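The values are calculated or read from the model by the stated rules, or taken from the named source; none is laboratory data. Since we're looking at a predicted model, the values are computed, not measured. When we count neighbours, we look across all protein chains shown, and the Cβ atoms used for this are built from the backbone with ideal geometry, even at glycine. These accessible areas exclude ligands, DNA and RNA; they are computed on the full protein's heavy atoms, side chains included. Shrake-Rupley method; radii C 1.70, N 1.55, O 1.52, S 1.80 Å.
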Amino acid sequence: MKLAIDGGTPVRSREQAHVQWPVWGEEEKANLRAVVESGVWSYSGPFERRLLAEWREYVGTNHALAAANGTVTLQIALEALGVGYGDEVILPGLTWQATAAVVVDVNAVPVLVDVEPDTWCIDPVAVEAAITDRTAAIIVVHLYGNMPDMDRILEIAHRHGLPVIEDSAHQHGAEWNGKKTGSLGTIGSFSLQLSKVLTGGEGGLLTTDDHDLWERMDALRNCGRRPETDDDAGKGSGAYATDGDLIQSGNYRITEFQAAILVAGLKRLDDQNAQRERLAAKLDDYLETVPGLSPMKRDPRQTRRTYFNWAFRYDAETFGGGGVATPAFRRALSAELSTDFEQCYEPLNDCTLYRPRTKKRYKINESHWAAIDPSRFHLPVCTEAFINTSVTTHHSFLLGGEAAYGAFVEAIEKMIASVERLRNAS
Ligand SMILES: Cc1ncc(COP(=O)(O)O)c(C=O)c1O
């Protein structure tokens, strides 16, 4: 049986692997038409208001807000909390660059800490060790289907009087002890970018229970204006709320077109999440049976798991008797399944897309310039995951049902049967 990397027939073809993402239907089209014909193309129109009401209800918080993307939602969260120059923000070294970049953008210092080896989420011990009298906030990231130990994180934050921002860009609908992501910390932030499990093409959502934070975040997304009243909303271009002395800001608003797509997509979210969760659980069970492959930790306190990416851990010393290097394993699996299986994020202490010292605007003074140098952080667990152990794929793989499961098992068995060749490919 010739491996696909050697020109053999893959276990599944591109056509068989294809899963439509994003998913849309008649409702998206009808909603978009309604927006076009209403002339209310932005500015807290009826779809945006409906989205916020439904998201509040879904997450279980008092307030929700929409903004342009899941990067500016993080920035707005930090600014609403008053984080700025002289402050430090603790965050995991393994995440998309935006989580750290926004901290630099508000003139604060990102303090990168290591993650836990079985969840790749922020390590509470490292968080506690990093707290100083300058620490102003902790950002946790729910990543690769996992959540950090939220009980410990929230206990540490509470004891030190620190706010917690949940970067939930990857996990819409996951739950810790029955509470949804975005409702556990002080502020929740979600990305709605095209590849995410809830998408408006672009977009972001914020959640909080705190009325004052909501008011500031609403102003921050909307040029500093005070939140609108019901009378202001939905009038279309030019119908602005009252100005007023709350906080300086710019325009980070979402459009009504995005909201129109999102209210339709939200109806599908739970069903798609359940499909992904079912298949991931079955795949995780299978991984337990294969020497050299391990699922991520399944903490029973995480009562719902949602997946932007599905991930597992690879051990090159054990798989197939050993000797197949991780890049060769990822390449061979990708070729057999006609689906990309990749590394996790690059650790932020050496990440090609996180280079804060390429912008002069951050050179406030020499000590700040030194403090924002990411290479000063030591992140061995992040580095080990990136280089040696991580295998990750986009959530659309988990929408492939039984056929995807069967193909995965067949691909692994084929690779084990051809292990000698894979050793040579390493
Ligand atoms: C963990 C994390 N945080 C924040 C973001 C930023 O979201 P956006 O792309 O909507 O700006 C992303 C995007 O991928 C992300 O993965």
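Within segment 215-240, the residues that satisfy the criterion of being modelled with pLDDT under 55, touching a helix residue (DSSP H, G or I) at 6+ places or on another chain (Cβ under 9 Å) and farther than 16 Å from A64 by Cα are G234, G236. Checked against the criterion of being of a type in the set (F, W, Y), open to solvent by 10 Å² or more (accessible area, probe 1.4 Å) and farther than 20 Å from T199 by Cβ, segment 57-76 has no qualifying residue. Restricting attention to segment 192-216, and to residues there that are touching a strand residue (DSSP E or B) at 6+ places or on another chain (Cβ under 6 Å) and under 28 Å from V125 (Cα atoms), which single residue is surrounded by the fewest Cβ atoms within 10 Å (Cβ to Cβ)? Among those that are touching a strand residue (DSSP E or B) at 6+ places or on another chain (Cβ under 6 Å) and under 28 Å from V125 (Cα atoms), it is T208. Scanning segment 253-281 for residues that are surrounded by 17 or more Cβ atoms within 10 Å (Cβ to Cβ) and of a type in the set (D, E) yields E256, E277. Within segment 88-103, at least one residue is surrounded by fewer than 24 Cβ atoms within 10 Å (Cβ to Cβ) and more than 15 Å from the ligand (Cβ to nearest atom). Kindly indicate whether G82 is in a loop (DSSP other than H, G, I, E, B), in contact with a strand residue (DSSP E or B) (Cβ under 8 Å, 6 or more places away or on another chain) and within 22 Å of G161 (Cα to Cα). Answer is yes for this residue. For the condition within 29 Å of C344 (Cα to Cα), at pLDDT 95 or above, more than 15 Å from the ligand (Cβ to nearest atom) and open to solvent by 30 Å² or more (accessible area, probe 1.4 Å), what is the one hit in E37, E54, E26, E15? The match here is E15. Condition check for L154 on (1) over 18 Å from T207 (Cβ atoms); (2) open to solvent by 10 Å² or more (accessible area, probe 1.4 Å); (3) among the hydrophobic types (A, V, I, L, M, F, W, C): one failure, at (1). Note on segment 376-426: residues that are touching a residue at least 40 places away in the same chain (Cβ under 8 Å), assigned to a helix (DSSP H, G or I) and not small (G, A, S) total 24. Checking each residue in segment 137-196 for being more than 10 Å from the ligand (Cβ to nearest atom), among the small types (G, A, S) and touching a Lys or Arg at 6+ places or on another chain (Cβ under 9 Å) picks out G145, G173, A174, G178, G188.
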